[in-house]
Amino acid sequence: MIPRAAFALALLSLTGCGLRPVYGGGGSGIVAATLSAVAVGPIEGQAGWLVRNKLIDRLGGGDGSAAYRLDVTLDDNITSFGLRSDRAATQERRTLRARYQLVDVRTGMVVLDSTAGSDMGIDIVSSEYATVAAEQTALEDLADIVADQITARLALYASRTAKAK
């Protein structure tokens, strides 16, 4: 068991290391305020519809008073591999990549330009319906992952710019 004095010393040493929670201040903090001031532009295709809705949910709106606009371009690709002796594929890999830019609405300047992405394996089974359903599920899961990556990067940007001010 750790003595109380050692525990208190360990806690004091953590405050000096410079680590701070990204979402410090909760819903009224600078990061949450910045994220809610982001309007997500339209994104093409079904994958775009999924990613855009997930981003809007995570960012908290982005109404008409948005200070930033998020422009996203997606690349959704399915590649077959794992060939059997009759040359039929046994697996697919679905890849969803996003290039996104955060634009300051006042100046029109791109303040963040980055990428996000992930991929997922899909087993091809004898039922075509099951394979299509697995491809759709993979797309929904990938949209979640990509939206999480973009949101995390925007939060990091917001916390760093808050420190600079």
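The values are calculated or read from the model by the stated rules, or taken from the named source; none is laboratory data. Note that the coordinates shown come from a computational prediction; the quantities given were computed from them, not determined experimentally. Neighbour counts are summed over all protein chains in view; Cβ atoms, including those assigned to glycine, are modelled from backbone coordinates with ideal geometry.
Key figures for this structure:
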read-out	value
Some residue of the range 81-93 being within 19 Å of Gln149 (Cβ to Cβ), at pLDDT below 95, in a strand (DSSP E or B) and of a type in the set (Lys, Arg)	yes
Hits in the range 106-139 - residues which are surrounded by 13 or more Cβ atoms within 10 Å (Cβ to Cβ), acidic (Asp, Glu) and either at pLDDT 95 or above or part of a strand (DSSP E or B) (or both)	Asp119
Residue check for Leu74: under 13 Å from Ala47 (Cβ atoms), of a type outside the set (Ser, Thr, Tyr), in contact with a Ser or Thr (Cβ under 7 Å, 6 or more places away or on another chain) and not in a helix (DSSP H, G or I)	no
